[in-house]
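Student: Pasting in a structure now, in structure tokens, and then I'll have a few things to ask.
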């Protein structure tokens, strides 16, 4: 299944949509890390609407640092910018942690 297909399918136990990066994004990442893992799309609304978000490498690095500093054990994602239907969005995969947060 492609990333575009995941957005069309909607949110699930392993897929979450956020219009922006905030504390709720970190909370969702912790939930994924404590269960099956998952993918968070930033720039997509809860109703599967691709709103878009344009961020540079520095912002992605800041987000990674926020994930790491806000969690113990540390969650260190590798967020990526992608285009879906010509609109820039961001996504990050989170694996399941052995030790729960």
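Student: State which residue is farthest from the chain's Cα centre (by Cα) when the search covers only region 82-101 and only residues that are within 17 Å of residue 38 (Cα to Cα) and crowded, with 16+ Cβ neighbours inside 10 Å.
Tutor: So the residue we want is 97.
Student: Specify which of the listed residues (66, 62) is outside any loop (DSSP other than H, G, I, E, B) and either in contact with a helix residue (DSSP H, G or I) (Cβ under 7 Å, 6 or more places away or on another chain) or touching a residue at least 40 places away in the same chain (Cβ under 8 Å) (or both).
Tutor: Going through 66, 62 in turn, the sole match is 66.
Student: Here is a further query. Name every residue in region 1-56 that is at negative phi, surrounded by 18 or more Cβ atoms within 10 Å (Cβ to Cβ), assigned to a loop (DSSP other than H, G, I, E, B) and in contact (Cβ under 8 Å) with a residue 40 or more places away in the chain, in order of residue number.
Tutor: Listed by number, the list holds a single entry, 21.
Student: Here is a follow-up. Here are some conditions: (1) closer than 16 Å to residue 3 by Cα; (2) touching a residue at least 12 places away in the same chain (Cβ under 8 Å). Residue 96 meets all but one. Which one does it not meet?
Tutor: For residue 96, the exception is condition (1).
Student: Identify, please: which residue in region 56-83 is closer than 16 Å to residue 28 by Cα and touching a strand residue (DSSP E or B) at 6+ places or on another chain (Cβ under 9 Å) and is, among those, modelled with the lowest pLDDT?
Tutor: So the residue we want is 78.
The values are calculated or read from the model by the stated rules, or taken from the named source; none is laboratory data. From a predicted model like this one, the values you see are computed outputs, not experimental measurements. Note that each Cβ is placed from the backbone with ideal geometry, even for glycine, and that neighbours are counted across all protein chains shown.
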